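Participant: Sharing a structure below in structure tokens format, with a few things to ask.
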């Protein structure tokens with residue numbers, strides 16, 4: 001049980017670094033999709049006995065993050081027909097190192113906080129912090145709009161990992177609402193990406209500078 | 001099921017409106033739904049509040065106040081939309097009308113939320129529903145504004161979700177059940193794990209503070225309010241901010257009950273007065289009318305956060321200020337929307353002589369400016385005075401001094417921009433434009449302004465009861 005969990009967490013953290021270090025957008029989308037599936041498996045592994053609730057939550061999030069959202073993102077990529085390079089404003093290697101440093105920091109930070117006496121928390125809390133940090137790095141160091149969306153998804157994935165500690169606190173409908181909001185959000189993002197590309201002939205968010213004081 | 005109709009009715013009607021083929025009928029259906037929503041809300045509020053039950057979806061006293069406020073504001077905005085869309089026949093209005101209705105439904109859901117998870121879901125849903133409204137004009141500027149609005153709000157709200165989970169974990173460590181129900185958190189507040197509670201509070205403050213537009217998370221606000229149609233600005237600045245403030249007030253209540261009131265209040269006062277200062281500075285020399293309104297909203301949100309941080313005594317003043325601000329902002333955005341239509345511009349480089357070109361809307365703009373800057377005899381004067389009294393009652397004279405100075409700064413900044421736009425001779429282009437003040441575009445801001453004036457002179461008993469019940473419910477355990 002414990003070994004399954006820790007291997008899943010290790011895969012999760014590795015995917016963060018893949019997402020930070022890849023030079024092609026398609027690879028990042030696939031990495032984030034794979035992470036969605038891993039999250040579903042993690043939800044199953046984190047809860048010893050299988051209930052319909054946990055099963056529905058795990059399958060729902062895996063289907064959404066592993067399939068539906070990547071489909072939307074690849075469609076957006078095709079529509080805007082952009083160059084597929086990531087174009088980071090911070091080099092790939094520095095952001096990779098930053099991500100690794102953030103992972104270490106996450107482990108240190110979570111050891112400073114009081115944790116419940118279960119085997120779950122010491123694994124999931126640092127994984128969650130590290131994934132949120134990786135999401136932030138991706139969000140802030142990439143220029144293309146679509147990469148920022150990917151950073152946002154990574155951020156949400158990290159929060160989802162933390163949420164696994166609290167499945168009892170979230171009514172099923174609320175949990176479903178969170179996933180629905182995420183999907184609709186990504187959908188709206190992809191529509192606006194389409195408009196940005198049409199109006200600015202680029203997805204470079206540095207061009208979004210008409211509005212300022 | 002009847003009691004949930006304020007949520008369900010607008011959502012069902014949004015679908016109906018979306019599939020209505022007639023462009024002329026969609027705004028009418030929008031207005032009809034708003035009237036029905038308002039009637040339902042008045043009927044609900046005229047019954048005494050039911051017994052306090054548990055459950056994650058019910059209407060408590062603060063929820064009742066928010067629902068009433070949102071419903072009234074939306075009614076005015078919907079009627080205005082009928083008139084507004086008549087001038088924008090070249091634009092498709094399918095998404096506009098449907099998204100407005102979804103926004104109404106999700107704002108009502110915020111009022112009903114009794115659970116931090118559900119509260120987050122509904123706040124995120126209001127954001128998603130309003131994003132397409134901002135790029136109604138399909139200009140590069142409006143798309144840039146939408147992108148910034150959506151990105152910053154989504155990331156901010158992600159922090160709020162993270163913070164909500166922290167609260168749940170604090171409860172779990174406290175030995176209780178992991179629950180995110182407001183009532184459970186309040187009952188078990190003493191036992192909440194303090195480090196997780198503090199971290200959760202900070203994240204939630206950042207998250208819902210982004211939605212409120214508190215500095216330094218306010219940067220999306222001038223862009224979004226500046227590029228959105230006036231009526232959307234009214235819904236955002238009056239409705240969504242009030243929803244976010246209620247979320248903040250509920251959070252503060254939990255922190256207070258857990259014995260972390262001092263920590264929470266310090267943060268709230270700091271971020272509140274900071275927002276007032278930033279807004280005051282950016283209001284000076286502002287040339288864009290709608291961006292000016294956005295900074296004025298940042299300032300008002302600062303006042304609200306400050307009031308929330310003053311402790312139990314300021315609860316009534318804070319709730320009253322939330323109501324007054326929402327109504328006054330509604331009036332102001334609608335009036336400025338009319339000016340924008342008539343002049344085809346929203347900067348004072350072009351907008352001159354608005355009082356000559358639009359005697360009614362111009363006068364409304366002038367009066368709403370006085371109302372929003374807290375001039376007597378309008379309602380905001382009364383609520384700001386109550387807040388100031390509470391500051392001085394706590395012996396915090398330096399804070400009081402800054403509060404007054406920033407209010408004056410905002411008055412001066414807004415005043416010079418507003419008067420420049422209102423006085424003088426209108427340019428030829430504006431005299432020839434096709435916009436005329438009509439009933440549908442003038443009556444809604446007039447009504448909102450009339451109510452703000454009324455609340456300044458005399459607060460009717462049912463309204464006073466609504467506000468004080470809401471304040472009292474948010475103070476239990478603080």
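Participant: Kindly express, to the nearest 10 degrees and within the range 0 to 90, the angle between helix B:140-173's C-alpha long axis and the longest C-alpha principal axis of chain B.
Facilitator: Here the helix axis deviates by roughly 10 degrees.
Participant: Roughly how many nanometres apart are two label points built 7 Å out from the Cα toward the Cβ at residue B:457 and residue B:419?
Facilitator: Each label point is offset 7 Å from its Cα along the Cβ direction, giving 2.6 nm.
Participant: Using only the Cα atoms of the stretch B:183-241, what do you get for the radius of gyration and for Dmax, in Å?
Facilitator: Calculated on Cα positions, Rg and Dmax stand at 16.1, 48 Å.
Participant: Please order B:262, A:204, B:184, B:432 by the number of other Cβ within 10 Å, starting at the fewest. Intermediate values should be presented prior to the final figure.
Facilitator: Numbers: B:262 12, A:204 15, B:184 19, B:432 7.
Starting with the residue having the fewest Cβ neighbours, the order is B:432, B:262, A:204, B:184.
Participant: In whole angstrom, and with the biggest value first, how far do the Cα coordinates of the stretch A:1-123 range along each principal axis?
Facilitator: Principal-axis extents of the stretch A:1-123 (Cα, largest first): 49, 35, 20 Å.
Participant: Using the Cα atoms as the points, what is the convex hull volume per residue of chain B in Å³?
Facilitator: On the way: hull volume 57.9 nm³, N = 478.
Hull volume over Cα atoms, normalised by residue count, gives 121 Å³.
Participant: While we're here: Rounded to the nearest 0.05, what FRET efficiency is calculated for residue B:138 and residue A:92 with R0 set to 22 Å and r the Cβ-Cβ distance? Mind dumping the intermediate values first?
Facilitator: On the way: r = 36 Å, r/R0 = 1.62.
The value I calculate is 0.05.
Participant: Find the Cα radius of gyration of the stretch B:1-117, compare it with 2.2 N^0.38 Å by division, and give the number to two decimals. List each step's numbers first, then the result.
Facilitator: Values: Rg = 15.0 Å, N = 117, 2.2 N^0.38 = 13.4 Å.
Cα-based Rg divided by the globular estimate yields 1.12.
Participant: Angle between the Cα long axis of helix B:439-457 and the longest principal axis of chain B, 0 to 90 degrees, nearest 10?
Facilitator: The helix B:439-457 is inclined about 50 degrees to chain B.
Participant: Percent relative contact order of chain B, based on C-alpha pairs within less than 8 angstrom and at least six residues apart?
Facilitator: Working: 857 pairs, mean separation 80.6, N = 478.
That works out to 17 percent.
Participant: Here is a follow-up. Against the empirical 2.2 N^0.38 Å scaling, what ratio does the C-alpha Rg of the stretch B:85-207 come to? Write down the numbers at each step before the final one.
Facilitator: Details: Rg = 18.4 Å, N = 123, 2.2 N^0.38 = 13.7 Å.
Normalised by 2.2 N^0.38 Å, the Cα Rg of the stretch B:85-207 equals 1.34.
Participant: In whole Å, what three semi-axes, largest first, describe the equivalent ellipsoid of the protein assembly as shown built from its Cα gyration tensor (square root of 5 times each eigenvalue)? Spell out each step's value before the answer.
Facilitator: On the way: eigenvalues 311, 179, 111 Å².
Equivalent ellipsoid of the protein assembly as shown: 39, 30, 24 Å, largest first.
Participant: Now a separate question. Alpha carbons only, please: Rg and Dmax for the stretch A:1-69, in angstrom.
Facilitator: 12.8, 41
Participant: For residue A:6 and residue B:18, what is the calculated FRET efficiency with R₀ set at 56 Å and r taken between the beta-carbons, to the nearest 0.05?
Facilitator: Numbers: r = 48 Å, r/R0 = 0.85.
Using R0 = 56 Å, I get an efficiency of 0.70.
Participant: Next question. Just from its helices, what would the mean residue ellipticity at 222 nm be for chain A, if runs of 4 or more DSSP H residues each count -39500 (n - 2.57) and the sum is divided by every residue, rounded to the nearest 500 deg cm²/dmol?
Facilitator: -25000 deg cm²/dmol
Participant: A further question on this structure: Could you tell me how many degrees, from 0 to 90 and to the nearest 10, lie between the Cα long axis of helix B:116-134 and the main elongation axis, the longest principal axis, of the Cα atoms of chain B?
Facilitator: Roughly 10 degrees, rounded to the nearest 10.
Participant: Right, another one. Only helical DSSP H runs with n ≥ 4 go in: add -39500 (n - 2.57) per run for chain B, normalise by residue count and round the 222 nm mean residue ellipticity to 500 deg cm²/dmol. Could the numbers behind the result be given before it?
Facilitator: On the way: 21 runs with 359 residues, N = 478.
So the helix-based figure for chain B works out to -25000 deg cm²/dmol.
Participant: Also, quick follow-up: Which ordering of B:459, B:306, B:67 is given by a fewest-first count of other beta-carbon atoms within 10 Å? Spell out each step's value before the answer.
Facilitator: Values: B:459 17, B:306 29, B:67 24.
Fewest-to-most ranking of B:459, B:306, B:67: B:459, B:67, B:306.
Participant: Specify whether the C-alpha gyration tensor of the stretch A:2-207 places it in the rounded, prolate or oblate class, a ≥ b ≥ c being the square roots of the eigenvalues: rounded for a/c under 1.5, otherwise prolate if a/b is larger than b/c and oblate if not.
Facilitator: Working: a/c = 2.29, a/b = 1.44, b/c = 1.59.
Oblate shape, in that a/c is at least 1.5 and b/c is the bigger or equal ratio.
Participant: Grab the Cα-Cα distance for residue A:207 and residue A:108, subtract it from 0.36 nm times how many residues apart they are, and report the gain in nm with one decimal.
Facilitator: My answer for the length gained is 31.8 nm.
Read the figures in this text as sums done on the coordinates, not as results from a lab. Bear in mind that the values here come from a model prediction, so they are computed numbers and not experimental data. Ideal geometry is used to build each Cβ from the backbone, glycine not excepted, and the neighbour counts take in all protein chains shown.
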